[in-house]
Ligand code: CP
Ligand code: NVA
């Protein structure tokens, strides 16, 4: 049994195995419908318990489909309907109960420590569905999308992130270290990645390039990523933060500095960090990106259950 909490803690050979498995499984499903179960039903009989303490459209739906395609079942529990928290039940007791009824637990929360505490008290795998410090399922799936579209290993590509230093970027930085790809970041000085993230990069003998000038960050990019300027867990002056990022919008004049065949990715939901014509234009692969989450998350589940082929 394995947890899937932070990409930085997972060996690259395991991440690569997940991506390879997702590719094989995706190929085999070409003629199947959304809820048709994969022939080998690898998780038949298993119950996955999902808990979202904050909003989600894509993660919730893509995991629902992924779980069904593997032959397993899922239930969504709402934090405010459990005894955990307001009902006074300890996290340790709730974790014991989840481990008694379920085979896996998946949590989206505003609290990184809660994931850590659950992981210590569960005897079933836990998957991080997004926390303030990381969004591992999203970003591993994005690596898959990049390699699928570019038909190349990500290590041969120039990846650019324009925008806030948030959970998604932390996970992207982790993958840049693991898969050894070039990562340029474009953001205002005040919003650079935190010191502990950069120290980790250094400790792993890698570097990421940080630019205040978004044009420099975009130069020669094969892929440009961005995300909302204000994340769900951001307790900031939103108006001010959005204003601080006004020169970092992905639009036609900025994207010109990238390679001609650059692709644009965004995990969604979006704000006004990207212009409508880029978001809906032919360089944008955001719907493809969202759909691939189903395929990669299936292989993440199989990794957790020690069932990767
Ligand atoms: N990208 C992503 O995780 O979307 P949701 O917040 O809708 O799950
Ligand atoms: N950075 C965003 C990602 C949403 C999927 C957030 O945490 O709100």
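The values are calculated or read from the model by the stated rules, or taken from the named source; none is laboratory data. Keep in mind that this is a model prediction, so the values were computed, not measured. Glycine gets a Cβ as well: all are built from the backbone with ideal geometry, and neighbour counts include every protein chain shown.
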Would a scan of region 29-49 turn up a residue that is closer than 23 Å to residue 232 by Cα and within 16 Å of ligand 2 (Cβ to nearest atom)? no
List, please: which pairs have Cβ atoms under 9 Å, are six or more places apart or on different chains, and start with a residue in region 112-136 that is closer than 20 Å to residue 100 by Cβ and modelled with pLDDT of 95 or more and end with one that is part of a helix (DSSP H, G or I) and within 15 Å of ligand 2 (Cβ to nearest atom)? 126/115; 127/63; 127/136; 127/137; 127/297
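Yes/no matrix, rows are residues, columns are (1) within 16 Å of ligand 2 (Cβ to nearest atom); (2) part of a loop (DSSP other than H, G, I, E, B):
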position: 113; (1), (2): no, no
position: 117; (1), (2): no, no
position: 132; (1), (2): yes, yes
position: 145; (1), (2): yes, no
position: 168; (1), (2): yes, no
position: 171; (1), (2): yes, no
position: 185; (1), (2): yes, no
position: 197; (1), (2): yes, no
Flag for residue 216 being away from ligand 2 (no atom under 16 Å from the Cβ) and surrounded by fewer than 24 Cβ atoms within 10 Å (Cβ to Cβ): yes
Taking region 126-164, which residues are closer than 22 Å to residue 107 by Cα and more than 16 Å from ligand 1 (Cβ to nearest atom)? 126
Of all residues in region 232-270, which are in a loop (DSSP other than H, G, I, E, B), within 16 Å of ligand 1 (Cβ to nearest atom) and surrounded by 18 or more Cβ atoms within 10 Å (Cβ to Cβ)? 267
Over 26 Å from residue 272 (Cβ atoms), surrounded by 12 or more Cβ atoms within 10 Å (Cβ to Cβ) and more than 16 Å from ligand 2 (Cβ to nearest atom): is that true of residue 204 in this structure? yes
Qualifying position, being over 23 Å from residue 289 (Cβ atoms) and surrounded by 13 or more Cβ atoms within 10 Å (Cβ to Cβ), among 11, 42: 42
Matching residues, region 54-78, being in a helix (DSSP H, G or I), within 16 Å of ligand 1 (Cβ to nearest atom), in contact with a strand residue (DSSP E or B) (Cβ under 8 Å, 6 or more places away or on another chain) and in contact (Cβ under 8 Å) with a residue 24 or more places away in the chain: 59, 63, 67
